[in-house]
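Trainee: Right, I'll just put the structure down here and ask away after.
The values are calculated or read from the model by the stated rules, or taken from the named source; none is laboratory data. Note that the coordinates shown come from a computational prediction; the quantities given were computed from them, not determined experimentally. Heads up, the Cβs are rebuilt from the backbone with ideal geometry, glycines too, and the neighbour counts pull from every protein chain shown. These accessible areas exclude ligands, DNA and RNA; they are computed on the full protein's heavy atoms, side chains included. Shrake-Rupley method; radii C 1.70, N 1.55, O 1.52, S 1.80 Å.
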Amino acid sequence: MDKKDVRRNTQIVHAGRRKEWTSGIVNPPVYHASTCLFETLEEFDRAVANPNEGLYYGRRGTPTQWALQEALVETEPGAAGCLLTPSGVSAIAAALLAVLKPGDHLLMVDTAYEPTRGLCQGLLKDMGVETTYYDPLIAGGISPLLKANTAAVFCESPGSLTFEVQDISAICEAAHANDASVIMDNTWATGLFFNPFDHGVDISLQALTKYVVGHSDAMLGCVMANEAHWKRAETTVFRLGLCAAPDDAYLGLRGLRTLPLRLKQHEASALHVAQALEGHPAVDQVMHPALPSFASHALWKRDFSGSSGLFSFSLKTGQRSHLPALVDHLAHFKMGFSWGGFESLTLPLRFTGIRTATTVDFTGPALRLHIGLEDPEDLIADLCEGLDRFMQAVKTG
Ligand SMILES: *Cc1c(COP(=O)(O)O)cnc(C)c1O
């Protein structure tokens, strides 16, 4: 472990643990609060004048949420503040609404998380925002797509399902030359493996539901913004009435304490499984940014300090109708949405209707895997047996 790691790990143990919030106990209490009480008119007037400087009303948080917010800011240096939302999707909506108004144009990465596309095609379209989808590998080539009314460029890197790594610095440079703000969904890497603010991003968001909570038991999101975008982000989240439940904020904070350790294990195990799949005769492509064979590898290596446990692979032959032979009988991989927990998951992929600027062309079905904290040898054995069953099913039709 190098010195930088030690500093980061130590920092995460201490982050957000202010004595005035914890009363000297290790963790903050879980305050269930709506009303906060003021003793005097003077105290009341002071709170009304500065509603974000102390206890004001439950929706603006208590030390339970503040501790997590402060700790998260330390994971993405350059953030002026952090707002909690009740899910990752609400963080995406708040970030977009913070910078978009009717008549604006939005550039959305083609590999965005599917509900992000849903927001563009629904709510944003209805309010008069036009969306253009762009190739995740576009880099500085995004310049010609920026129009006079382009207010925002949305990035997600690596991209959902196919893991293309974006040149965030080049995109930020082009966007800023056109006075457009850059928003990034940083759920895959978390601030530990990629700091959006180092690359020029204005608003960074995460589905904390995934790695930060880390135990598949709470929905939570966050929005962080640089100084220039902080007020807009804060006002938007408050105006929308978005707030995180205290129990969920507590689980997020608990998860954050072990995040460096868990991510290290997810990273090592996922790489091990990805390499095993790469050598398997049934497997065509393994879409994992840390594999040298992956098209986006060089960019990942340039910009990221690690890889997490989520990647995809495609099969050489077969149809979706052969997939039950593989996925229905796995011992360790269960099928389901979300990821980032301690347990391994698989998700059969479909691309119909969710790619418009690029094409996805696989010879056989594709699956996404989240590699949990099980022993990777057990996971590899499980997958190999599944792949044997799949090949058998393909052979017998
Ligand atoms: C899951 C996910 C989200 C949404 O998070 P929820 O907490 O499920 O709403 C957003 N972005 C990415 C990349 C995700 O994988």
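Trainee: Looking at (1) under 30 Å from Asp135 (Cβ atoms); (2) at pLDDT 95 or above; (3) loosely packed, with under 13 Cβ neighbours inside 10 Å, find the lone condition where Thr352 falls short.
Mentor: For Thr352, the exception is condition (2).
Trainee: Do we find that Pro28 is away from the ligand (no atom under 16 Å from the Cβ) and either touching a residue at least 24 places away in the same chain (Cβ under 8 Å) or within 30 Å of Pro115 (Cα to Cα) (or both) in this structure?
Mentor: On the way: away from the ligand (no atom under 16 Å from the Cβ): yes; either touching a residue at least 24 places away in the same chain (Cβ under 8 Å) or within 30 Å of Pro115 (Cα to Cα) (or both): yes.
Yes: the conditions hold for Pro28.
Trainee: Of the numbered conditions (1) of a type in the set (Asp, Glu); (2) without any contact (Cβ under 8 Å) to a residue 24 or more places away in the chain; (3) over 21 Å from Arg239 (Cα atoms), Glu74 satisfies every one except a single condition; which is it?
Mentor: Unmet for Glu74, out of (1) of a type in the set (Asp, Glu); (2) without any contact (Cβ under 8 Å) to a residue 24 or more places away in the chain; (3) over 21 Å from Arg239 (Cα atoms): (2).
Trainee: Report whether or not Thr162 is in contact with a strand residue (DSSP E or B) (Cβ under 6 Å, 6 or more places away or on another chain), within 16 Å of the ligand (Cβ to nearest atom), of a type in the set (Val, Ile, Thr) and assigned to a loop (DSSP other than H, G, I, E, B).
Mentor: Details: in contact with a strand residue (DSSP E or B) (Cβ under 6 Å, 6 or more places away or on another chain): yes; within 16 Å of the ligand (Cβ to nearest atom): yes; of a type in the set (Val, Ile, Thr): yes; assigned to a loop (DSSP other than H, G, I, E, B): yes.
For Thr162, the condition - in contact with a strand residue (DSSP E or B) (Cβ under 6 Å, 6 or more places away or on another chain), within 16 Å of the ligand (Cβ to nearest atom), of a type in the set (Val, Ile, Thr) and assigned to a loop (DSSP other than H, G, I, E, B) - is met.
Trainee: Let me ask something else. Output the number of the condition that Glu234 fails; it satisfies all remaining conditions of (1) buried (at least 16 other Cβ atoms within 10 Å of the Cβ); (2) more than 16 Å from the chain's Cα centre (by Cα); (3) farther than 27 Å from Asn27 by Cα.
Mentor: (3)
Trainee: Hey, could you check the stretch 174-194 for residues that are touching a helix residue (DSSP H, G or I) at 6+ places or on another chain (Cβ under 7 Å) and over 14 Å from Tyr211 (Cα atoms) and say which is farthest from the ligand (Cβ to nearest atom)?
Mentor: This residue is Ala174.
Trainee: For Asp217, which of the numbered conditions (1) farther than 20 Å from Pro77 by Cα; (2) within 13 Å of the ligand (Cβ to nearest atom); (3) crowded, with 20+ Cβ neighbours inside 10 Å fails to hold?
Mentor: Unmet condition: (3).
Trainee: In the stretch 298-325, which residues are under 22 Å from Ser169 (Cα atoms) and without any contact (Cβ under 8 Å) to a residue 24 or more places away in the chain?
Mentor: If the condition is that a residue be under 22 Å from Ser169 (Cα atoms) and without any contact (Cβ under 8 Å) to a residue 24 or more places away in the chain, then Ala298, Lys301, Arg302 are the ones that fit.
Trainee: Let me ask you something else. Within the stretch 309-361, which residues are within 16 Å of the ligand (Cβ to nearest atom), in a strand (DSSP E or B) and among the small types (Gly, Ala, Ser)?
Mentor: Scanning the stretch 309-361 gives a single hit, Ser312.
Trainee: Let me ask something else about it. Run down Leu205, Leu253 and say which single residue is surrounded by 23 or more Cβ atoms within 10 Å (Cβ to Cβ) and more than 14 Å from the ligand (Cβ to nearest atom). Give the derivation first.
Mentor: Values: Leu205 fails: more than 14 Å from the ligand (Cβ to nearest atom).
The conditions single out Leu253.
Trainee: Just wondering, is there one or more residues in the stretch 13-28 that are assigned to a loop (DSSP other than H, G, I, E, B) and in contact with a Ser or Thr (Cβ under 8 Å, 6 or more places away or on another chain)? Working first, answer last.
Mentor: Restricting attention to the stretch 13-28, the residues satisfying the condition of being assigned to a loop (DSSP other than H, G, I, E, B) are 15-18, 23-28.
Now drop any that are not in contact with a Ser or Thr (Cβ under 8 Å, 6 or more places away or on another chain), which leaves 15, 28.
There is at least one residue in the stretch 13-28 that is assigned to a loop (DSSP other than H, G, I, E, B) and in contact with a Ser or Thr (Cβ under 8 Å, 6 or more places away or on another chain).
Trainee: Filter the stretch 256-282 for residues that are crowded, with 18+ Cβ neighbours inside 10 Å and aliphatic (A, V, I, L, M) and give the result.
Mentor: Result: Leu256, Leu259, Leu263, Ala270, Leu271, Val273, Ala274, Ala276, Leu277, Ala282.
Trainee: On to the next question. Quick check on Glu74: is it surrounded by fewer than 21 Cβ atoms within 10 Å (Cβ to Cβ), charged (D, E, K, R), in contact with a helix residue (DSSP H, G or I) (Cβ under 8 Å, 6 or more places away or on another chain) and not in a strand (DSSP E or B)? Show your work before the answer.
Mentor: Numbers: surrounded by fewer than 21 Cβ atoms within 10 Å (Cβ to Cβ): yes; charged (D, E, K, R): yes; in contact with a helix residue (DSSP H, G or I) (Cβ under 8 Å, 6 or more places away or on another chain): yes; not in a strand (DSSP E or B): yes.
When the stated conditions are applied, Glu74 passes them.
Trainee: Looking at (1) more than 16 Å from the ligand (Cβ to nearest atom); (2) farther than 29 Å from His297 by Cα; (3) surrounded by fewer than 17 Cβ atoms within 10 Å (Cβ to Cβ); (4) in contact (Cβ under 8 Å) with a residue 12 or more places away in the chain, can you tell me which one Gly140 breaks?
Mentor: Failed condition: (2).
Trainee: Take the residues in the stretch 81-117 that are more than 15 Å from Thr187 (Cβ to Cβ) and open to solvent by 40 Å² or more (accessible area, probe 1.4 Å), then tell me which one is farthest from the ligand (Cβ to nearest atom).
Mentor: Gly103
Trainee: Among the residues of the stretch 151-173, what is the count of those that are open to solvent by less than 10 Å² (accessible area, probe 1.4 Å) and among the small types (Gly, Ala, Ser)?
Mentor: Number satisfying all stated conditions: 3.
Trainee: Considering the stretch 118-129 alone, what residues qualify as being open to solvent by 10 Å² or more (accessible area, probe 1.4 Å) and either touching a residue at least 40 places away in the same chain (Cβ under 8 Å) or in a helix (DSSP H, G or I) (or both)?
Mentor: Once the filter is applied, which keeps residues that are open to solvent by 10 Å² or more (accessible area, probe 1.4 Å) and either touching a residue at least 40 places away in the same chain (Cβ under 8 Å) or in a helix (DSSP H, G or I) (or both), the stretch 118-129 yields Gly118, Leu119, Gln121, Gly122, Leu123, Lys125, Asp126.
Trainee: Return the residue satisfying two criteria in turn: it lies in the stretch 172-227 and is among the charged types (D, E, K, R) and in a helix (DSSP H, G or I), and of such residues it is nearest to Ala290 (Cα to Cα). Before the answer, list the steps.
Mentor: Going residue by residue through the stretch 172-227, those that are among the charged types (D, E, K, R) are 173, 179, 185, 198, 202, 210, 217, 227.
Then drop every residue that is not in a helix (DSSP H, G or I), which leaves 173, 198, 227.
On the way: Glu173: 25, Asp198: 20, Glu227: 32 Å.
Only one residue tops the list, namely Asp198.
Trainee: Exactly one condition in (1) touching a residue at least 24 places away in the same chain (Cβ under 8 Å); (2) closer than 30 Å to Gln265 by Cα is not met by His14; state its number.
Mentor: The number of the failed condition is (1).
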